[in-house]
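Laboratory data are not the source of any read-out in this text; all were calculated from the coordinates shown. None of these values were measured; they are calculated from a predicted model. Here Cβ is always computed from backbone atoms with ideal geometry, including for glycine, and neighbour counts include all displayed protein chains.
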């Protein structure tokens, strides 16, 4: 295993990743074929050192499953995940464990993701105990304290329990826990969606500062396109387990090329009465189809305002539209 | 007969207090507003600001340890002091409510049909058969596809957006004069949220319903509301028409909130965060509840509660702050500059 990185090698390369969950009906016969819920169905992307990739989509689009699959927290069905040049598909638990030293995760629900029976010091220090077991107590405590101060907690809070903190502070603890090993990549799964607007801005600004300071690469997952815009360089839009569009931020927000991205952007309410009252909406009809039985061809075609007959024939792959944009729409 | 025009709804000094083991906690402190036919009032605030409790108090739905004070006048009748039997004739009928979570506020044991016909049988004395016809019409009005078939389904068979449509249809069954919507789109995805907001706008246009919209999303407020009330720590910080709130925010909290919202338009300037965390309602400061987090607080802000009164720059704007609007605007520009310099 090498940690040395050639300049052009991506930190993470994901190719045709699939995560399918088997579903058995409650009253299925033994010979009934097992059906599969296709949570992630053929997603490919690369992540380079120091950059931020935003992943957006509505609930049920597979963005959280994708994040978990990148760390083997859910079993990978098919495809390849290459971290630092090492193929991780089918790797042993030990190999994954070693990788996680450089790849950490921040979870959505700040309180539920912290063990209620551990103190802040124990929570933040646990990754050190696991991955750097030889550390002396004094140095261990020093590192924990330094990390706490860095994320905006105070030294007096070191022996407190998670329930004594507000949501925003709990998320700071989660960030400290993820960053104490000085990882290269942090996967943030909806880190701010449970927080109030004023606290959201605190956490986003903190993540940006820490990223600049430590040279982190971030995978930032959110359902809120406006939040993602503030932190990402590139953005991937997912729908029903597939990538619809992957583009440089400005290309995506200024001239979205996929009809789903366009609909998503126009649906976001803007905090400006004149804009909001005057804008024309591209309203999507209906609901998300079931991921157990997705539509043939393009999964978005059942709700797409521009769908034509050809959309049902083949699954469109992401293809290069401009140097900045890849889209999975046959019309773009 | 008094000649003063009677408002559809008039709330005067509404307060909510809870008896807790830690003593009496005041969740809402003196909010007042009037609402007329076809108007929309937005109540904005962060979690714990008292926005939900204030409307629950209006509907007589507070928890048993809660106590409402003040007056909630619906066509001159006070909902708070009236006997429960009278209140039951008004709530759900003339004043209806949509709750935040469409899954937990529908009864999972009953079909949608039973839940909807019950409303009409109780309030309108309709037969089950007539009620069913009316319920199907209501579901059609909220654009539920195949309403006649789906009315026989249970709540778990619907998606989140469809469940919220059922909630709205149910609230509109008796064609209420006032519709109170408590975060109706918070649990929904943006594309579904857009469908629901357009639906509410159309229903308001068609039936002239007055809406009280509670939300933490300033974007939702911008699209729907005429008048906006900003709550913090159970107190009204600023209350004005939507344009004044969004284009000339005069309270440090309103201005800070607007600067903290991530925006799609414009550059990538870092969002201006409000430092600190929401206040502990059991230990509010004697002065303005926002003092601790206010970057422009004066020494007297922590001890002396600013009066909630018409602003000097615009009598239509009601606000509670010791600073004038010019000071607030100037301070905010300075904070933005400082933040820009740091980034």
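Helix B:128-141 versus the longest principal axis of chain B: what is the Cα-based angle in degrees, 0 to 90, to the nearest 10?
The angle comes out at about 40 degrees.
What are the radius of gyration and Dmax of the stretch A:1-111, computed over its Cα atoms and given in Å?
Just the Cα atoms of the stretch A:1-111 yield Rg and Dmax of 16.1, 55 Å.
Averaged across orientations, what area in nm² does the convex hull of the alpha carbons in the stretch A:71-162 project? Write down the numbers at each step before the final one.
Working: hull surface 30.2 nm².
Result: 7.5 nm².
Output the Kirkwood hydrodynamic radius of chain A, Cα pairs only, in Å rounded to one decimal.
21.4 Å
Three principal axis extents, largest first, for the C-alpha atoms of the stretch B:105-158, in Å?
29, 23, 16
Quick check on the exposure proxy: order B:86, B:217 from fewest to most C-beta atoms within 10 angstrom. Kindly include the intermediate steps, with their values, before the conclusion.
Numbers: B:86 11, B:217 20.
With the sparsest Cβ surroundings first, the list reads B:86, B:217.
Given R₀ = 30 Å, what would the calculated FRET efficiency be for residue B:247 paired with residue B:12, taking r from the Cβ atoms and rounding to 0.05? Show your work: numbers first, answer last.
On the way: r = 29 Å, r/R0 = 0.96.
Plugging the Cβ-Cβ distance into 1/(1 + (r/R0)^6) gives 0.55.
Enter the angle in degrees (range 0 to 90, nearest 10) between the Cα long axis of helix B:325-342 and the first principal axis of the Cα atoms of chain B, meaning the one along which they spread out most.
80 degrees
Be a star and scan the stretch B:221-251 for residues whose amide nitrogen sits under 17 Å from the point 7 Å along the Cα-to-Cβ vector of residue B:283.
Residues B:233 fall inside that zone.
For the pair residue A:117/residue B:156, report the inter-label distance in nm, with labels modelled 7 Å from Cα in the Cβ direction.
3.1 nm
Computed FRET efficiency, Cβ-Cβ of residue B:304 and residue A:274, R0 30 Å: what is it to the nearest 0.05?
The calculated FRET efficiency here is 0.20.
Arrange the following residues from fewest to most other Cβ atoms within 10 Å of their Cβ: B:22, A:196, B:226.
Lowest to highest Cβ neighbour count: B:22, B:226, A:196.
Would you kindly calculate the mean projected area, averaged across all directions, of the convex hull enclosing the Cα atoms of the stretch B:126-195, in square nanometres?
Seen from a random direction, the Cα hull of the stretch B:126-195 projects 5.2 nm² on average.
Looking only at A:275, A:237, A:103, which one moves most when chain A is put into a Gaussian network model with springs between Cα atoms under 10 Å?
Among A:275, A:237, A:103, the largest GNM mean-square fluctuation belongs to A:275.
Under a GNM of chain B (C-alpha, springs under 10 Å), which listed residue has the highest mean-square fluctuation: B:66, B:152, B:233?
B:152
Report the gain in length on full extension from residue A:315 to residue A:156: 0.36 nm times residue separation, minus Cα-Cα distance, nm rounded to one decimal.
51.6 nm
If one takes the longest principal axis of the Cα atoms in chain A, at what angle in degrees, from 0 to 90 and to the nearest 10, does the Cα axis of helix A:197-214 lie?
70 degrees
With each pseudo-label sitting 7 Å past Cα toward Cβ, what's the residue A:209-residue A:149 distance in nm, one decimal?
Once both label points are built, they end up 1.4 nm from each other.
May I ask you to derive the FRET efficiency for residue A:29 and residue A:135 from their Cβ-Cβ distance with R0 = 56 Å, giving the value to the nearest 0.05? Can you show the working numbers first?
Working: r = 56 Å, r/R0 = 1.00.
Plugging the Cβ-Cβ distance into 1/(1 + (r/R0)^6) gives 0.50.
Could you give the radius of gyration (one decimal) and Dmax (whole number) of the Cα atoms in the protein assembly as shown, in Å?
Rg and Dmax of the protein assembly as shown, Cα atoms, are 26.6, 89 Å.
With label points built 7 Å along Cα→Cβ from the Cα atoms of residue A:109 and residue B:149, find their separation and express it in nm.
In this crude label model, residue A:109 to residue B:149 measures out at 3.6 nm.
List the residues of the stretch A:196-220 whose backbone N lies under 19 Å from a point placed 7 Å from the Cα of residue A:49 along the Cα-to-Cβ direction.
Residues A:210-219 fall inside that zone.
Any chance you could list the semi-axes, whole Å, largest first, of the equivalent ellipsoid that the Cα gyration tensor gives for the stretch B:9-225, using √(5λ)?
In descending order, the three semi-axes are 28, 20, 17 Å.
Along its principal axes, what span do the Cα atoms of the stretch B:137-261 show, with the longest given first and each in whole Å?
Here the spans come out as 52, 27, 24 Å, largest first.
On the Cα set of the stretch B:230-342, report Rg and Dmax in Å, please.
Every Cα atom of the stretch B:230-342 included, Rg and Dmax give 14.0, 40 Å.
Only counting other Cβ atoms within 10 Å, I'd like B:185, A:323 sorted with the fewest neighbours first.
A:323, B:185
For residue B:202 and residue B:186, compute 0.36 nm times the residue count separating them, minus their Cα-Cα distance, and round to one decimal in nm.
Gain on extension, residue B:202 to residue B:186, equals 3.8 nm.
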